[in-house]
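Here it is, the structure, as structure tokens.
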Amino acid sequence: MSLTAQQADRVLRLFHVPSLTADQRIGAKCSWCTIPLNERTGRIDLGGAGAWTPHACTTCYDARRTWLDTYYRWLDHTRTCHACQRADRCLTSLGHRVLYLAALGQVDRPLGDCPTCRHPIQPGDRFEPRLSDGQSGLIFGHTHTGPCPEAAVNRHP
């Protein structure tokens, strides 16, 4: 499932806007980093209607586009790779993971919990992306590959 630029824009507009201050709701400040928006910072329209017109600075928007792109590239790979489907080691998947973790670090998003063992996924764990539908939109989650590691099971009683 490749993600087009138009689809990425739609996902960012619909699912990745946090609770906003008044200045953020009217597009005066970035929806993510809260800096005042101007020609120097860029001012990217995130959609909206009426009094709700959120915008983003170029830096935040580009970081989130990169995060989303690396997530989908890795997800696409895991869905078609025989080694990944068997939870075997895969160097291509490892490369996607490295790029994804670098992008994730730029957008301040947690890895979240594994839906199988319900424990937080750590960067050192073996895991892969897991896209699912939530009550209010897509959930860009992750799951351990193969059996959940013993360390994850014992991390939190």
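The values are calculated or read from the model by the stated rules, or taken from the named source; none is laboratory data. Bear in mind the structure is a predicted one, so any value in this text is a computation, not a measurement. Cβ placement follows ideal geometry from the backbone for every residue including glycine, while neighbour counts extend to all protein chains displayed.
Going by what's in this entry, would Pro54 be described as of a type outside the set (Phe, Trp, Tyr) and modelled with pLDDT of 95 or more?
It is false that Pro54 is of a type outside the set (Phe, Trp, Tyr) and modelled with pLDDT of 95 or more.
Somewhere in the stretch 96-111, is a residue surrounded by 13 or more Cβ atoms within 10 Å (Cβ to Cβ), aromatic (Phe, Trp, Tyr) and touching a His at 6+ places or on another chain (Cβ under 8 Å)?
No; the residues of the stretch 96-111 include none that is surrounded by 13 or more Cβ atoms within 10 Å (Cβ to Cβ), aromatic (Phe, Trp, Tyr) and touching a His at 6+ places or on another chain (Cβ under 8 Å).
List the number of the failed condition for Gly134; all other conditions in (1) at pLDDT 95 or above; (2) within 16 Å of the chain's Cα centre (by Cα) hold.
Only one criterion is unmet by Gly134, namely (1).
In addition: Could you give every pair whose Cβ atoms fall below 9 Å, whose first residue belongs to the stretch 129-140 and is more than 11 Å from Leu68 (Cβ to Cβ) and without any contact (Cβ under 8 Å) to a residue 12 or more places away in the chain, and whose second residue is of a type in the set (D, E, K, R) and assigned to a strand (DSSP E or B), counting only separations of at least 6 or pairs across chains?
Qualifying pairs under 9 Å: Ile139/Arg130; Ile139/Asp133.
Still on this structure, please answer the following. Only one of these is surrounded by 15 or more Cβ atoms within 10 Å (Cβ to Cβ) and either closer than 30 Å to Gly27 by Cα or of a type outside the set (Val, Ile, Thr) (or both): His82, His77. Name it.
Just one listed residue meets the conditions, His77.
Does the stretch 17-51 hold any residues that are in contact with a Lys or Arg (Cβ under 6 Å, 6 or more places away or on another chain) and either modelled with pLDDT under 85 or part of a loop (DSSP other than H, G, I, E, B) (or both), and which are they?
Leu37, Leu46, Gly47
So Pro110 clears everything in (1) in contact with a strand residue (DSSP E or B) (Cβ under 8 Å, 6 or more places away or on another chain); (2) closer than 17 Å to His142 by Cβ; (3) modelled with pLDDT of 90 or more except one condition, right? Which one?
Going through the list (1) in contact with a strand residue (DSSP E or B) (Cβ under 8 Å, 6 or more places away or on another chain); (2) closer than 17 Å to His142 by Cβ; (3) modelled with pLDDT of 90 or more, Pro110 breaks only (3).
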